1. Determine if the stretch 128-143 includes at least one residue that is at pLDDT below 95, in a helix (DSSP H, G or I) and within 23 Å of residue 101 (Cα to Cα).
2. Take the conditions more than 23 Å from residue 116 (Cα to Cα), touching a residue at least 40 places away in the same chain (Cβ under 8 Å) and not assigned by TED's automatic domain parsing to the domain that holds residue 25 and apply them to residue 251. Does it pass?
3. So, in the stretch 218-245, how many residues would count as being aliphatic (A, V, I, L, M), exposed (fewer than 14 other Cβ atoms within 10 Å of the Cβ) and either in the same structural domain as residue 114 (by TED's automatic domain parsing) or in a helix (DSSP H, G or I) (or both)?
4. Tally up the residues in the stretch 153-188 that are touching a Pro at 6+ places or on another chain (Cβ under 9 Å) and in contact (Cβ under 8 Å) with a residue 40 or more places away in the chain, please.
5. Which one of 101, 112 is at pLDDT 95 or above and within 14 Å of residue 157 (Cα to Cα)?
6. Do you know which residues across the stretch 52-91 are assigned to a strand (DSSP E or B) and either of a type in the set (Gly, Ala, Ser) or at pLDDT below 90 (or both)?
7. Name, by its number, the condition in (1) surrounded by 14 or more Cβ atoms within 10 Å (Cβ to Cβ); (2) farther than 18 Å from residue 60 by Cα that does not hold for residue 262.
Amino acid sequence: MSESVPREVVPGESVHVHRDGAVATLTLDRKQAMNALDNPTKVALRDRLHELADDESVRAVVLTGAGDRAFCTGQDLKEHVALLQAGDPAPLSTVTEHYNPIVLAIATMPKPVIAAVNGMAAGAGASLAFAADFRVAASRAVFLLAFARIGLSVDTGSSWTLPRLVGHAKATEFAMLAEPISAQDALAIGLVTEVVANEELASRAAALAQRLAAGPTVAYGAIKSALHYSAGADLAAALTREGELMATTGASQDHLDAVAAFVAKQQATFSGR
């Protein structure tokens with residue numbers, strides 16, 4: 001049966017977590033600002049992601065936005081401008097304090113993360129989606145790296161994630177020209193996993209998350225680690241890392257149970273250990 005934890009929808013909070021069994025759905029909820037990220041939201045998002053990463057009962061995470069207009073439109077520029085005009089150092093420190101820990105939590109979480117992109121994903125919001133393991137997009141979704149439009153470089157990991165999704169040339173085009181890309185075009189270049197009808201997004205993302213949550217969680221975490229490691233390693237080092245991770249997964253209960261099920265000609269059931 002599904003279970004709920006106290007931190008579901010708390011009035012006034014801009015980040016909500018809903019539990020359905022081993023799946024946790026994390027929703028950005030600032031609909032009036034197209035789910036843009038102000039400081040309280042960035043802190044809450046960072047902290048909730050760390051909690052979910054450490055919670056062994058959570059075996060898959062869905063990240064999405066509230067409403068039907070936006071997944072996340074990145075930094076709240078109204079707040080950004082106000083802080084700049086006030087001489088506040090927060091705009092200069094937010095990358096280190098917020099965005100970097102947030103994207104690291106998504107990318108290194110030892111369990112699958114699905115971005116359910118329900119609308120506009122711009123700036124850091126697009127980068128959050130790029131850091132996920134899967135991107136399921138509603139047909140109305142749009143991706144936009146808007147940093148260059150306001151004279152900024154990219155952040156939230158997109159210089160690392162985007163070239164690995166679509167290649168260096170496309171990443172350069174996307175970042176420098178700062179033109180929006182539709183869900184359908186994103187699918188054509190491999191930027192998203194799949195595109196679904198708007199009204200089917202939540203159910204499709206939930207179904208994928210439930211499938212992953214029932215899988216070999218230790219192996220999924222090791223696969224993420226191997227892929228990230230190999231991005232900056234030569235073949236010999238990557239092979240060594242693969243061997244280390246194979247030893248870890250080979251000793252997992254999931255592997256032992258799967259082998260026993262294979263011998264018995266039964267369907268394997270994974271406990272995530």
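1. no
2. So residue 251 fails the test.
3. Going through the stretch 218-245 one residue at a time, the tally reaches 5.
4. Within the stretch 153-188, residues that are touching a Pro at 6+ places or on another chain (Cβ under 9 Å) and in contact (Cβ under 8 Å) with a residue 40 or more places away in the chain number 0.
5. One residue alone meets the criteria, 101.
6. Listed by number, the residues that qualify are 60, 65, 70.
7. (1)
The values are calculated or read from the model by the stated rules, or taken from the named source; none is laboratory data. What you are looking at is a predicted structure, and each value in this text was computed from that prediction instead of being measured. Note that we place each Cβ from the backbone using ideal geometry, even for glycine, and neighbour counts take in every protein chain shown.
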